[in-house]
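Working notes, beginning with the structure itself.
Please treat every number below as a calculation from the coordinates, not as lab data. Everything quoted here is computed from the prediction, not taken from an experiment. Glycine gets a Cβ as well: all are built from the backbone with ideal geometry, and neighbour counts include every protein chain shown.
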Amino acid sequence: MAGVNVVERSGAKSDEALAVEAKRGSEEAFRELVERFHRPVYALVVRIVRQPELAEDLAQETFLKAWKALPRFDPERKFSSWIFKIAHNSALDELRRGGLETVSLDAPFPGEEESPEMPADLAAENPLLRTLARESGRLLERAVARLRPAYRGILLLRFAQEMSYDEIAEVLGLPLGTVKIHIFRARAELAREMRTLGLDPDSPGVKPGGGAIVGPTGEMK
């Protein structure tokens, strides 16, 4: 998984090996895990709660919860999926505690049958297109911010953290088929928000975190 490879280092112990050491009481091993995962955990949480200071607090809370829950960590699982699940749930719980509407992933929305398609990449060689890409990226961030928090979370797990559907299913505790449906619906809702901001989801675009959301034929990546 590319989103986790960024925290893996050649010749270093695997995340799972460090988690086992931390489970046995090694604070040094756990500090290494915090160093590896703080940035991606924060990146996920801040996109859900949209408040940097709160996101930093929730990131710290995530690792505190992880430390306390280590005795129950299954070394057969990927540590990344485990920690992202804690972070994702912490962010949504905070929104609920604050009385903010999270909206179920299963909640219907108008035009659910729509299937947005966004072809591959902009031509990077053209300075004008690069400028347009940056502006589109800012507008796309605004579109993502307008999504229901649960949809922001699932899109970021898929496109920013580059998790597989299986890994997202583990993080969210949902069947694989349900995850695919939720990602499809989240993309459809994102496409509508993009249109309200003047972005055309049928023209070359970028995903949350960079790159295309779907391929030229519309297949989900």
Counting only residues 5 or more places away or on other chains, whose amide H sits under 5 Å from the amide H of Leu147 once H atoms are built in the peptide plane?
-> none
Stretched out fully, how many nm does the piece from Gln60 to Phe184 gain, at 0.36 nm a residue minus the Cα gap?
-> 41.5 nm
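Given all pairs of different Cα atoms, what value in angstroms does the Kirkwood hydrodynamic radius of region 23-105 take? Walk me through the numbers on the way to the answer.
Numbers: mean 1/r = 0.0753 Å⁻¹.
Here the Kirkwood hydrodynamic radius works out to 13.3 Å.
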Neighbouring Cβ atoms within 10 Å as the yardstick, rank Val41, Val20 fewest first.
-> Val20, Val41
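What ranking of Thr196, Thr178 emerges when the number of other C-beta atoms within 10 Å of each C-beta is taken as an exposure proxy, fewest first?
By the 10 Å Cβ count, ascending, the order reads Thr196, Thr178.
Considering only the other residues whose Cβ falls under 12 Å of the Cβ of Glu21, what net charge follows from Lys and Arg at +1 and Asp and Glu at -1? Display every interim value, and only then the final one.
Working: positive: Lys13, Lys23, Arg24, Arg31; negative: Asp15, Glu16, Glu27, Glu28, Glu32.
Residues near Glu21 contribute -1 overall.
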